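S.K.: Dropping a structure here in structure tokens format, bear with me for questions.
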Amino acid sequence: MTRRHAPLALATGSAAILMLLAGCSAPEPAETAPPEAVPSSPVATPEATASEPALPDPTCENIIREASLEELQSQGWEYQQGPFMIGEMQIDAGVSCTWTNAAEPGGNILQFGWAPLTAAETTDAERALESQGWIREEGDGGVYLTEDPAFALNIDGDGYGVTYFFGDGYAQVADVKQGLVVIERR
């Protein structure tokens, strides 16, 4: 295989793996609201101190959907865990995971990452990426920033390379935009 065809083969292989992994995850259940009831007497409200249990620290094994993790591991994929980076900014509470399969020499590499972000960190990260030529897209529940496909080493079926998603209080990253569906929104 020549160097000119290697990115196409890598993109095709990554897209196939992502479709397989995305198929492993169950669709999100539709949220339905219970009918509004009018109480006949005062109703006690939970105490203000009650809160949801804290999530465990992010790891390569808990930021992706369980079915996707099991599928990767059953096929011999292994990960290397590292810091979550946005350009030069390291988010200490986050994690970035590079998945490879040693049985496939020169094979595919997948990247998934997740980190909590403050509003100020989100603004700084978005501005930094945009100043470097990353392309901004508004999405449901957040903002996508993707590298210019002309410079991407790997692209998905829709032409997206490495893509960050900035949600309310967190960021995700994947080697291609389609890979974001594998990451849990924590």
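The values are calculated or read from the model by the stated rules, or taken from the named source; none is laboratory data. Predicted model, so just to flag it, every value in this text is computed and none were measured. Please note: Cβ atoms are built from the backbone with ideal geometry, for glycine as well, and neighbour counts cover all protein chains shown. Calculation scope for accessible area: heavy atoms of the full protein, side chains included, ligands and nucleic acids excluded. Shrake-Rupley method; radii C 1.70, N 1.55, O 1.52, S 1.80 Å.
S.K.: Give the residues of the stretch 136-150 that are open to solvent by 60 Å² or more (accessible area, probe 1.4 Å) and more than 14 Å from Val162 (Cα to Cα), sorted by residue number.
M.R.: Glu138, Asp140, Gly141
S.K.: Which of the following residues is open to solvent by less than 60 Å² (accessible area, probe 1.4 Å) and outside any helix (DSSP H, G or I): Leu110, Leu153, Leu129? Before the answer, list the steps.
M.R.: Values: Leu153 fails: open to solvent by less than 60 Å² (accessible area, probe 1.4 Å); Leu129 fails: outside any helix (DSSP H, G or I).
The conditions single out Leu110.
S.K.: Same structure, new question: How many residues are over 17 Å from Glu70 (Cα atoms) and polar (S, T, N, Q) if we restrict to the stretch 96-117?
M.R.: Qualifying residue count for the region: 2.
S.K.: Here's something else I'd like to know. For the stretch 81-97, state whether one or more residues are among the aromatic types (Phe, Trp, Tyr) and under 30 Å from Gln132 (Cα atoms).
M.R.: So in the stretch 81-97, the residues among the aromatic types (Phe, Trp, Tyr) come out as 84.
Imposing the further condition that a residue be under 30 Å from Gln132 (Cα atoms) reduces the set to 84.
The answer is yes; a qualifying residue exists.
S.K.: Now a separate question. Quick one: which residue in Thr163, Thr98 is surrounded by 14 or more Cβ atoms within 10 Å (Cβ to Cβ), under 16 Å from Pro58 (Cα atoms), among the polar types (S, T, N, Q) and within 15 Å of the chain's Cα centre (by Cα)?
M.R.: Values: Thr163 fails: under 16 Å from Pro58 (Cα atoms).
Among Thr163, Thr98, only Thr98 is surrounded by 14 or more Cβ atoms within 10 Å (Cβ to Cβ), under 16 Å from Pro58 (Cα atoms), among the polar types (S, T, N, Q) and within 15 Å of the chain's Cα centre (by Cα).
S.K.: Okay, moving on. On the basis of being modelled with pLDDT of 65 or more, crowded, with 16+ Cβ neighbours inside 10 Å, within 22 Å of Gly169 (Cα to Cα) and within 19 Å of the chain's Cα centre (by Cα), does Glu121 make the cut? Walk me through it before giving the result.
M.R.: Numbers: modelled with pLDDT of 65 or more: yes; crowded, with 16+ Cβ neighbours inside 10 Å: yes; within 22 Å of Gly169 (Cα to Cα): yes; within 19 Å of the chain's Cα centre (by Cα): yes.
So Glu121 fits the description; yes.
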